[in-house]
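Accompanying notes for the structure given below.
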Amino acid sequence: MKKFLSIAFGICLAACAFVGCENKSLRFSSENAVFDIDALNEVYFTEKNGKTIDYIYGNNVTTADYAIAGSSIVFKVQYLVTLDEGKYEFEAVSAKESGKFELTVAEGRNYKAANGGFETGDLTGWDAVTVFKGETGMQAFTQVVGKEDALTADNKYMLGYDSSEKMGILRSQSFVVGGSGYITYELGGAKNGLLCYISVRDAETDEELARFCNSVYKEGETTAYRADLRRFAGRKVFLELCDYGAGADDYILFDELKTFWESEPAGETATDILPQFSDLPTNQLYNGDFSQGLDGYTAFDFSAENTQNVFLTDGNLLKSNFGGDGAAGLLRSSLFTLEGSGVISMELGAAQGEKYDKTTYVSVKEYKTNRELFRFANEKSNGNEMVKYYLDLSAYLQKTCYIEIVDNAGGAWDVIYVADFITYYAERPVFDFSQAGRNLNY
């Protein structure tokens, strides 16, 4: 028994030596342990006795979110902007000791999106998403530029763009709609508001709540807007800057986002262009064969405000050259629900000019979120014949959807012909790979 106790005591001593039983508590001080979303400041902590820190943990922090130099810890802004207001406890660990410390995210953070003026000189607080074939080289939002390199203004930085051909989404941090219920921002470019716009989304459901375009377009200038979100007071939302175009004017300039105002701010009233539907969906798209002309569809002309000079029907065939080969626009269908096999089909013709898969295509979108589930182009056409395509949407069964047909190009080969939408097959139709539409979002 004595031998056993002696061995156990020795093990205990060795363990205490490893964890530092005599002095196992690190102690920290900080000149500023508070993160301010407006200041976008780093937060620093120092071990009071100068002891070296190896790592920290807590609140999903990773080694990329902080830097350690001996006894000093620095939290990086790109991590701090992901935190809601409140207090956060972390634990620091050295070779033999550990100790807890606390940082605070200042009150008001929950109502404010991070880095709305891009004054960090980069995209901190924003996430860029590619939308075309997964090609990062086609990503529209990759950099912040000096204002002197784009437009003249007082602040130093703004969101820039690489090329009008590129596409993508830039997503803000979430915030709660509060105060007066208004947000403000500067928006330039985005001449084609149907393809380039600002989307407001519910942070929990992803429903698109509002969509704003550059309704007061001024070449080479931004316009200061105020957007009314009062009806969403108390909801947690985020913004997406959406660039789905690949034409000469399809780019976005954006700056000075402010998401909390105590009272109603000044600025041009932002126009909400969120897609609206009044029909009750069935599993077969109404007028899918165009036998009733354009009934059940809403047509938009990219070059006009109140008239449509792009789409017409010729028998049971839809064409996008009503105003000639150079006509450009978007045609939006009514709603349908994906049932049965989840496979839909249609016929496409022409639509094979320059950049055809970026500028002339068919898109299937989910109702309410307005997310693009499937985008495809007439990749199998020889330019002279209609080609039947099958789209496998079985992963989205029971979702309500709609279709958008886009002609955003001006050449003769860019005219798009469409016929015979069939959105319900009780049983999966027989087709092979050569007849399957390819989703350009993957």
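The values are calculated or read from the model by the stated rules, or taken from the named source; none is laboratory data. Predicted model only: the values in this text are computed from it and were never measured. Note: accessible area is taken over every heavy atom of the protein model, side chains too, but ligands, DNA and RNA are not part of it. Shrake-Rupley method; radii C 1.70, N 1.55, O 1.52, S 1.80 Å.
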Over the chain: helical MRE at 222 nm, DSSP H runs n ≥ 4 each giving -39500 (n - 2.57), nearest 500: -1500 deg cm²/dmol
How would you classify the stretch 50-122 from its alpha-carbon gyration tensor, with a ≥ b ≥ c the square roots of the eigenvalues: rounded for a/c under 1.5, else prolate if a/b is greater than b/c, otherwise oblate? prolate
Given the pairs 218/258; 218/380; 87/133; 76/96, which span a C-alpha to C-alpha distance of over 30 angstrom in this model? 218/380; 87/133
Can you list the aspartates and glutamates whose alpha carbon sits under 18 Å from that of residue 236, skipping same-chain ones fewer than 8 residues off? 84, 85, 107, 127, 202, 204, 206, 207, 208, 228, 262
Highest-MSF residue in the chain out of 295, 255, 122 [GNM, Cα springs under 10 Å]: 295
Accessible area in the full protein assembly, largest first, 1.4 Å probe, for 371, 230: 230, 371
Using alpha-carbon positions, the gyration tensor of the stretch 187-334 gives root eigenvalues a ≥ b ≥ c; with a/c under 1.5 called rounded, otherwise prolate if a/b exceeds b/c, else oblate, the class is oblate
For residue 322, the accessible surface traced by a 1.4 Å probe with all protein chains present amounts, in square angstrom to the nearest 10, to 110 Å²
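Using the heavy atoms of the protein chains alone and a 1.4 angstrom probe, what is the accessible area of the stretch 286-442 per residue in square angstrom?
That works out to 41 Å² per residue.
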Once phi is turned into θ = phi - 60°, what whole-Hz ³J(HN,Hα) does the Karplus curve with 6.51, -1.76 and 1.60 give for every residue of the stretch 206-219, x standing for Gly and Pro? 6, 4, 7, 8, 7, 9, 10, 10, 8, 5, 10, 5, 10, 4
In a GNM of the chain with a 10 Å cut-off on Cα contacts, which of 252, 344, 56 has the highest mean-square fluctuation? 56
Largest first, what is the accessible-area ranking of 44, 356 with a 1.4 Å probe? 44, 356
Quick one: order 91, 47 from most to least accessible surface, probe 1.4 Å. 91, 47
